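The values are calculated or read from the model by the stated rules, or taken from the named source; none is laboratory data. All of these numbers come straight from a predicted model, not from anything done at the bench. Here the Cβ positions follow ideal geometry from the backbone for every residue, glycine too, while neighbour counts run over all protein chains shown.
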Amino acid sequence: MPNILSRAPTALAACITAGAALGVASISCAETTPWASNEGGRMRIVAMPPEPDGTVRGALQIEPKAGWITYWKEPGDAGIPPQMVFSKASGVTLSSMGYPVPKRIDNGKLRDIGYDHAVALPFELKMEDPGKPLNLGASAFVGLCRNICIPFQAEFSLQLGATKGTPVEEAMILNAATSKLPEAPSGDFAVTHYAMTHGRDKLSLKLKLPSGTLAPPQVIVTGPQGHVLFDGINGRRDGEAYALDMPVGKLPKNYDIKGKRWGILVIAGDRAMETSLAFE
């Protein structure tokens, strides 16, 4: 289990020194950790200074080596979804974590969902005490796979000071990561109808697709943890809508869908939309 040592406390000291030199009480103290590496690739954390309300924006950057892949939040038939845990001593909670649009990667009979290129997973934290400098301890756990899947865990330490101005390099990395996230439903791209058959063996969907979409969309539905619907059948135009059915497969024993929410990702051309399906 490869770990990465904490970055030496020179980053925060440099921020403090810079602030003193400029005659200001505080200055931007973002940080980018050193890379942690294993035979399948490398990863690191980029984080912005805390905002006045205690929000901290960051990203986990993962760079698989050529021929290797890493995984989306639901990895498909096999694989390890990315996980991040932050030290309780850091005084933060994880508010959200985003996942750029993935691709389906077929490997024989296995169907993976993930990335065969560098990817950054943006996240937001909330500080318990926004007035204090933040010593952030984090653990990241991902899978990097080629012929076999290698679990990859690393420990990171960041020191973040108060905000004055915007650190340009870190902001560019986070903005680029955010720009690759799926969009929310809109008037021209949405799920307009969904229903489970009485036998619960099929999920029927109707979609509003962006104007000019010619090819059938790629649809991925995520149900109970580890259960993914890949294969749409009976795809057809239905007026201005696109309709299809998704075979559900075998759900966990005694699974009650009432009150549950499933996720859905629709990729149509160069656009992708993500939302949830609530089953009442």
(request) Could you tell me whether segment 163-178 includes any residue that is in a strand (DSSP E or B) and more than 17 Å from the chain's Cα centre (by Cα)? (result) no
(message) I'm trying to understand the selection: among the residues of segment 203-231, which are modelled with pLDDT of 95 or more and of a type in the set (D, E, K, R)?
(response) LYS206, LYS208
(message) Can you tell me which condition PHE156 does not meet? The list is (1) in contact (Cβ under 8 Å) with a residue 60 or more places away in the chain; (2) over 30 Å from GLU63 (Cβ atoms); (3) in a strand (DSSP E or B), and all the others hold.
(response) (2)
(message) Going residue by residue through segment 41-48, is there one that turns out to be part of a strand (DSSP E or B), touching a helix residue (DSSP H, G or I) at 6+ places or on another chain (Cβ under 6 Å), within 17 Å of GLN159 (Cβ to Cβ) and in contact (Cβ under 8 Å) with a residue 24 or more places away in the chain?
(response) yes
(message) Quick check on my filter: what residues within segment 236-253 are part of a strand (DSSP E or B), in contact with a Leu (Cβ under 9 Å, 6 or more places away or on another chain) and surrounded by fewer than 14 Cβ atoms within 10 Å (Cβ to Cβ)?
(response) ARG236, PRO247
(request) Would you point out the residue of segment 259-280, among those that are surrounded by 17 or more Cβ atoms within 10 Å (Cβ to Cβ) and small (Gly, Ala, Ser), that is farthest from the chain's Cα centre (by Cα)? (result) ALA268
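Take TYR242 and tell me if it is in contact (Cβ under 8 Å) with a residue 12 or more places away in the chain, among the hydroxyl-bearing types (Ser, Thr, Tyr) and in contact with a Gly (Cβ under 8 Å, 6 or more places away or on another chain).
yes
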(request) Go through segment 90-131 and give me each residue that's touching a residue at least 40 places away in the same chain (Cβ under 8 Å), surrounded by fewer than 22 Cβ atoms within 10 Å (Cβ to Cβ) and charged (D, E, K, R). (result) ARG104, ARG111, ASP116, GLU124, LYS126, GLU128, ASP129
